[in-house]
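For reference, the structure is listed below as structure tokens.
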Amino acid sequence: MKTLTLRRPDDWHLHLRDGAILQGVIGDTSRHFARAIIMPNLVPPVVTTTDARAYRDRIIAALPNGDRFEPLMTLYLTEHTDPDDVEEGKKSGLITAVKLYPAGATTNSHGGVRDLDKAMPVLERMAKIGLPLCVHGEVTTPDVDIFDREAVFIETVLDPLRKRLPELKITMEHVTTADGIDYIKSSKGNLAGSITTHHLIINRNAILVGGIRPHYYCLPVAKRENHRLALRAAAISGDARFFLGTDSAPHVDPLKECACGCAGIYTSVNTMSCLAHVFEEENALDKLEAFTSLNGPVWYGLKPNEETITLEKRDEPANFPPKRETGAGPITVFDPMFPLHWQVVEK
Ligand code: NCD
Ligand code: ZN
């Protein structure tokens, strides 16, 4: 039997929601991950340090007994965000990053930024104090095709912003295109990218071939096969600018399986098994630890975890639950469409 021991991984982009969903899903992350960057797109969003502190307390309270897990909190950037509050959040150790959602780009982003000029005072302060900006990198203008939104964002928003404020540290989250990968690789610093589990596994056919499959729909939407291959190459390269952000985004099934389904794929349950499969397929199991456990901490200025996890490759594929039942309803677990032989050895 093959085994693989890694430093305990972190998830650099995670949606935990609140209330009954938080309660139902938190254990799927804290079982394997030591830390995660927690997305602030609640309803209403987490916009002030006071909101973030209260949300952090609710996450800690929802943790299964005995699990050690550190939520790394973010603030949802608005055109009215107060630079002093952001600085205070960073100084107190509560805030790890600020999140930019272009208004209308994704789930609960209507309160996001319409005019980046209005957010410049906050961004300048962040550059000064060394607080990273996490970016949902898609434009939302209706004339841009949904499959081109990331590439157009890089050209029309991200690159101009980086030229205007080169000191600002930016994480391009959930990169989905070869354009994004190339842009990060060509940058001379202050830019890194997170990659999700599912974008390493599916291309857009998963959503559309043989019927419409809402559980493969997320934002940014999965792209063509050449893009998936570019993401894989970056993830397995060991390049310190690329690391895991699962973007695990739970929605209860009735909100996915309907005429206007929500975007989001729930991968926390089986992410480590999926990733071991992908990295083995690429003959790169020796690079998995860099992607899940080393590159992210370096980028965010944190120490890698001391604890380890061990994965085993078993003859019998794992039996993950097809759905996570929560007090708010069932949430379908990501199906990678291949059997998962790698499993984390549960302590
Ligand atoms: C996320 C969500 O549901 O909050 N959805 C998704 O498809 N990834 C928002 C996001 O990160 O875009
Ligand atoms: Zn997300």
Discussion item. Can you find a residue that is out of contact with any Ser or Thr (no Cβ under 9 Å at 6 or more places or on another chain) and within 25 Å of G130 (Cβ to Cβ) anywhere in the stretch 194-208?
Written reply: no
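Of the residues that make up the stretch 53-66, is at least one part of a helix (DSSP H, G or I), within 16 Å of ligand 1 (Cβ to nearest atom) and either of a type in the set (D, E) or buried (at least 17 other Cβ atoms within 10 Å of the Cβ) (or both)? Give the derivation first.
Step one: filter the stretch 53-66 for residues part of a helix (DSSP H, G or I), giving 53-62.
Applying the additional criterion that residues be within 16 Å of ligand 1 (Cβ to nearest atom) yields 55, 59.
Subsequent filtering for residues that are either of a type in the set (D, E) or buried (at least 17 other Cβ atoms within 10 Å of the Cβ) (or both) retains 55, 59.
Within the stretch 53-66 (the criterion being part of a helix (DSSP H, G or I), within 16 Å of ligand 1 (Cβ to nearest atom) and either of a type in the set (D, E) or buried (at least 17 other Cβ atoms within 10 Å of the Cβ) (or both)), the answer is yes, since at least one residue qualifies.
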Fill in: Output for the stretch 214-227, where each listed residue is within 24 Å of T29 (Cβ to Cβ) and away from ligand 2 (no atom under 15 Å from the Cβ)
P214, H215, Y216
Practice prompt. Only residues that are touching a residue at least 12 places away in the same chain (Cβ under 8 Å) and open to solvent by 50 Å² or more (accessible area, probe 1.4 Å): list them for the stretch 259-288, please.
Written response: E282, K287
Practice prompt. Determine whether K347 is over 22 Å from T106 (Cα atoms) and modelled with pLDDT under 95.
Written response: yes
Worksheet item: Regarding K323, is this residue within 16 Å of ligand 2 (Cβ to nearest atom) and in contact (Cβ under 8 Å) with a residue 12 or more places away in the chain?
Response: no
Worksheet item: When M337 is evaluated against the numbered criteria (1) aliphatic (A, V, I, L, M); (2) surrounded by fewer than 19 Cβ atoms within 10 Å (Cβ to Cβ); (3) away from ligand 1 (no atom under 16 Å from the Cβ); (4) on the phi < 0 side of the Ramachandran plot, which criterion, by number, is the only one it fails?
Response: (4)
Worksheet item: Which residue out of V113, V139, V135 is within 16 Å of ligand 1 (Cβ to nearest atom), modelled with pLDDT under 95 and surrounded by 13 or more Cβ atoms within 10 Å (Cβ to Cβ)?
Response: V113
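The values are calculated or read from the model by the stated rules, or taken from the named source; none is laboratory data. Model, not experiment: these values are computed from the prediction. Here the Cβ is made from the backbone with ideal geometry for all residues, glycine too, and neighbour counts use every protein chain on show. Accessible surface is based on the protein model in full, side chains and every heavy atom, while ligands, DNA and RNA are left aside. Shrake-Rupley method; radii C 1.70, N 1.55, O 1.52, S 1.80 Å.
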